[in-house]
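Below is one structure, written out as structure tokens; comments come after it.
Every read-out reported here was derived from the displayed coordinates using simple, explicitly stated rules and does not represent laboratory data. No experiment lies behind these values; they were computed from the predicted model shown. Counting neighbours? That spans all protein chains shown, and the Cβs are built from the backbone with ideal geometry, glycine included.
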């Protein structure tokens, strides 16, 4: 946070920090959507995932959960790094948003059949939302910490 009494500090505009906070969280959201959809599309194109509307074996849903978890860590790290202050709080806000979306996804797809995967898959996304965000936030904090002499 810039010191307003320090003439070397850049001036801050009212709301500028809020805008940067929102932008950091939005960057994490966009990165999460792009990476998840991109990976799914690439895996379908490569013949690893079944085409949309067709069932897949549980093992492929494990792969989907794994790549979504890794992307969740990376997106939370990105959010933490872009945050103007309190990087962990920003990463956890991203995680809370992911948690809500995962719950909504689980509710909408729960009884829709095997095309939407096994019952454990949406539950795994709900359970992993906050831990992956905490880990990404922690990695971001560690990189932002000044090096010890």
*Determine how many Å³ per residue the convex hull of the Cα atoms of the chain encloses.*
134 Å³
*asked:* With n ≥ 4 as the cut-off for DSSP H runs, can you work out [θ] at 222 nm for the chain, using -39500 (n - 2.57) per run divided by the number of residues, rounded to the nearest 500?
replied: -24500 deg cm²/dmol
*segment 35-78 pair-distance distribution - Cα-Cα, 10 Å bins, rounded %*: 28, 53, 17, 2
*If you average the sequence gap of Cα pairs under 8 Å that are 6 or more apart and divide by the length of segment 16-144, what percent do you get for the contact order?*
34 percent
*Distance from the Cα centre of segment 27-78 to that of segment 98-149, in angstrom?*
12 Å
_Tilt relative to the chain, helix 58-82 - C-alpha long axis, 0 to 90 degrees, to 10_ = 10 degrees
*When you take every Cα atom in segment 64-130, what is the radius of gyration, and what is Dmax, the widest Cα pair distance, in Å?*
13.4, 44
*Among 55, 76, what is the fewest-to-most ranking by other Cβ atoms within 10 Å?*
55, 76
